[in-house]
Amino acid sequence: MKKAYFLSVLIWCLLVLAACGKTDEEPHYYEIRVESGQLEEAEKDQFLMGRQYYQGEPVSILAEPSADQGAGCIDVYVRPMGGDKKLLLRGVSENYRSGGWFLDEKGRCFIRGATGITRLDADGKLLYHSKTEGMVRDICCLEGGRIILMTGKDSILSFWELEPDTGQIARIDKATMQFGKGGYAYIGAGGENLMLLDGDGFWRIDLKKGTKEPALTFTGTAYTLAEGTPTDFRIDGSKAEILWDEGRLERLEWVDITGKKEIITVRGTVRGWLKRQAALFNQSNDIYYVVIEEPGEGVSGSDFRAETGLKLASGKGADIICANAVADVPGLIEKGVFADLAPLMEASGIREEEYSQVAFDAWREDEKIYGFTPGMEIQDYVLDKEILNGREVLTIENLVDFMLEFEGDRVFMARAGGDEIMEYFMKGSEDLWGMVDWESGSCDFSGELFAQMLRAAKRYAADERYQYPAIVSMRYCSGFYLLDNEMKRNQVHLGVFFDDGHYAFTGSGVGDAMGINAGAEHVEGAWEFLAFLMGEEAQSLIDYRDHAFPVNRAAFESLIQYELEECKATTEIIHDGVVYTIPANKRHGQEFTEEQAEEFRLLFAETRSIPYRTKPLRDIIKEETAYYFDGAKSMEDVIAVIENKIQLYLDEHKTGSM
């Protein structure tokens, strides 16, 4: 029997006061103290059929081949954490061996499944199977014996009450709601009240009104649910416990630590890596701790960005701002909202050559660096050779000409409309292929290149021609195991056209840039956290399996070396009496070779960021060209409107050297 272990981890977080029942106008800051214990694993010949709280303690429901009932039968046991197994049912048909078992407070056995709920009697025989609308995603027993089922279909959660003796199921009409953050939800008992757990935290569900209110929230915190499936949970005041499918028992406690450290706020929708690094930073730093300001329940992305803009305009706002928290990065940089990181980097001994160019180029003005991009999410394009007819693609002009010369019926990319093709043509150039003069604040879209782009985009739009094959395909990076949609013999690398060539580019997510609010209260602390994120240790923890890579050169190379070493290991298997030696760490059906390592080193060196400065101009082009592609306006009229709108933008944003 494994000895339960406990690991204390300190995670600092910001909680909305209403979630804790407080009435103060100012928010309080909390520490979530986390302890982890472990239920015993299933032993040899045992099958795990469920984990839950039963009669006040965490238990595992286990099945073993029946000792005296013959083949095809199992005996079912309950084993509490740290205790011995107890027989629950003997001689149950192995047809009921599944992972969906549940016991109510009286010890009655239920099995949830794809089509409904099954109950077995005290002898392990079928009592009933009641069908439900949609898969039974979870079940719980409230204090007093009420059994609640939760089903999910088309992103909608519905709740039902099960009459345990008869199997009758009654829908609780008003209790219908959307899936929460993360696209998952789990239910549990809070005394006589139903509780729900999702990526935002714990909620109290009012089944009569069909409403939910926060009990203990993760929103705005450095805490994130781990990978895996919670099988049960319970809440007691400011404490919560989560029981996971692999047997881990996670104990959480919210402790008020307001005023004990200087608070660094990061505003944006962030991924697990950044939250994990905030937690590690908070554990190791005696002066500062980081909290995350994310959109709350029901707050749209546009409203969240608008609120950020209002705060920044008033000289306030978070210490660190993520790209997805603002609508107009160029305008904010122009107004001096973001601090220049270059002097801070120099003072800290951080050199650009130690990083991919993606790290600092996203928000850059000459020698001034206004943002840091912590990870690369590499994306790329490939082109069908048939379009080239034996020639090479060297420039954007060549590509457009070749597309117009080609006589076959093709589309540019699957489902890409004309406006999206124009976005591809324009997005890599800092001056939109010479059509914008930033220094003089002027523009000219009357040239032949822009007209040719419009013709090509209209001809290759997939709006009404989706059945034709595409000439361009996107490749996403899948860890260190090449790019999916690997180039075929009839394809060549295309990438995105930048002013000095065509290269792969980085997407969003971990790849979102972030900058320091120049008017922040704690610029020093904000920089200390950004410098922490730039370090090799934090960078090496970026989860490249989620399509992201470190921008720190040393961390990137360390991961390459790790993968190469892993793939040198071998193991033996026996098939039909023959011993085969195979790679022990073959992943995605592939080995990782030195040749592939070199391909990724080249990607690291050449991957670019899409220029942020031209985004408002590209948005104008995308919006106005739609009228041309729809046939509502002529090419000449559309070009005139685009030129007029972009000139107005340039007039409003003249900065000389911007």
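The values are calculated or read from the model by the stated rules, or taken from the named source; none is laboratory data. Remember, predicted model here, so these are calculated numbers, not experimental data. As a convention, Cβ positions derive from the backbone with ideal geometry for all residues, glycine included, and neighbour counts pool all protein chains shown. For accessibility, only protein heavy atoms count, side chains too; no ligands or nucleic acids. Shrake-Rupley method; radii C 1.70, N 1.55, O 1.52, S 1.80 Å.
Taking amide H as placed 1.01 Å from N in the peptide plane, the amide H of Ala470 sits under 5 Å from that of Val411, each at least 5 places away or on another chain. The HN-Hα couplings worked out from phi for the stretch 424-438 by the Karplus form 6.51 cos²θ - 1.76 cosθ + 1.60 (θ = phi - 60°) are 4, 4, 9, 6, x, 8, 6, 10, 6, 6, x, 7, 10, 10, 5 Hz, whole numbers, x standing for Gly and Pro. Set the Förster radius R0 to 56 Å, insert the Cβ-Cβ distance between Asp286 and Lys86 as r into 1/(1 + (r/R0)^6), and round the FRET efficiency to 0.05. For R0 = 56 Å, the calculated efficiency reads 0.70. Each other residue within a Cβ distance under 14 Å of Thr607 adds +1 if Lys or Arg and -1 if Asp or Glu, for a net charge of -2.
With K and R counted +1 and D and E -1, the other residues having a Cβ less than 10 Å from that of Asn517 yield a net charge of +1. The calculated 222 nm mean residue ellipticity attributable to helices in the chain amounts to -7000 deg cm²/dmol, summing -39500 (n - 2.57) over DSSP H runs of n ≥ 4 and dividing by all residues. For helix 448-460, what angle does its Cα long axis make with the longest principal axis of the chain, in degrees from 0 to 90 and rounded to 10? Roughly 40 degrees between the two axes.
Here r is the Cβ-Cβ distance between Ala327 and Glu192 and R0 is 35 Å; the resulting FRET efficiency, rounded to 0.05, is 0.15. In percent, rounded to a whole number, the relative contact order of the chain is 11, using alpha-carbon pairs under 8 Å and six or more apart. In the chain, the portion of solvent-accessible area held by carbon and sulfur atoms comes to 47 percent [1.4 Å probe, whole percent, DNA, RNA and ligands not counted]. For the chain, the longest principal axis of the Cα atoms and the long axis of helix 635-652 meet at an angle of about 80 degrees.
What label, among (1) 30.0; (2) 28.7; (3) 26.4, belongs to Kirkwood radius over Cα pairs in Å computed from the structure on display? Read-out from the structure maps to (2).
Rounded to the nearest Hz, the phi-derived 3J(HN,Hα) couplings of the stretch 239-253 under the Karplus curve 6.51 cos²θ - 1.76 cosθ + 1.60 (θ = phi - 60°) are 10, 9, 10, 10, 9, 9, 4, 7, x, 6, 10, 9, 9, 10, 9, where x marks glycine and proline. Taking θ as phi - 60° and the Karplus parameters 6.51, -1.76 and 1.60, the scalar couplings of the stretch 222-228 work out to 8, 8, 9, 4, 6, 5, x Hz in sequence order, x denoting glycine and proline. For the pair the stretch 228-261 / the stretch 393-431, the C-alpha centres are spaced 52 Å from each other.
Compared with the dominant Cα axis of the chain, that is its longest principal axis, helix 553-566 is turned about 50°. Near Thr211, the amide H atoms lying under 5 Å from its own belong to Asp206; only residues 5 or more places off or on other chains count, and H is placed 1.01 Å from N. With all pairs of different C-alpha atoms in the average, the Kirkwood value for the hydrodynamic radius of the stretch 519-559 is 11.1 Å. Under 5 Å from the amide H of Ile369 lie the amide H atoms of Leu341, Ala342, each residue being 5 or more positions distant or on a separate chain, with H modelled from the backbone and absent for Pro and chain starts.
Ligands, DNA and RNA excluded, the heavy atoms of Arg276 present near 110 Å² of accessible surface to a 1.4 Å solvent probe. If only the Cβ of Lys and Arg carry +1 and only the Cβ of Asp and Glu carry -1, the dipole of the stretch 164-268 around its Cα centre is close to 400 debye. Rolling a 1.4 angstrom probe over the protein heavy atoms with all chains in place gives the chain an accessible area of 47 Å² per residue.
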